[in-house]
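Here is the structure we will look at.
The values are calculated or read from the model by the stated rules, or taken from the named source; none is laboratory data. Computed from a predicted structure; not experimentally measured. For neighbour counting, all protein chains shown are included, and Cβ atoms are generated from backbone atoms with ideal geometry for every residue, glycine included.
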């Protein structure tokens, strides 16, 4: 199922479709709560860095979408 989502994103981004950009932001952002759960269960620096990087990437992508590139 996730492979289908990845292929859909890849094809949409290749053809520069706006919906694919939104799909990419949503698919990345939807994983943040799960990462936070894992982080709170066992705290360590690599997990904290991973969550931080994911939040920064989502914020950046969302900002790019809001500006219209």
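For every residue, the table says whether it meets (1) modelled with pLDDT of 95 or more; (2) in contact with a helix residue (DSSP H, G or I) (Cβ under 6 Å, 6 or more places away or on another chain).
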position	(1), (2)
2	no, no
24	no, yes
30	no, no
47	no, yes
56	yes, no
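Checking the conditions here, which among 43, 7, 19 is part of a loop (DSSP other than H, G, I, E, B) and either modelled with pLDDT of 90 or more or loosely packed, with under 12 Cβ neighbours inside 10 Å (or both)?
Working: 7 fails: part of a loop (DSSP other than H, G, I, E, B); 19 fails: part of a loop (DSSP other than H, G, I, E, B).
Checking each option against the conditions leaves just 43.
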Tell me, please, whether a residue that is assigned to a helix (DSSP H, G or I) and more than 16 Å from the chain's Cα centre (by Cα) can be found in region 50-66. no
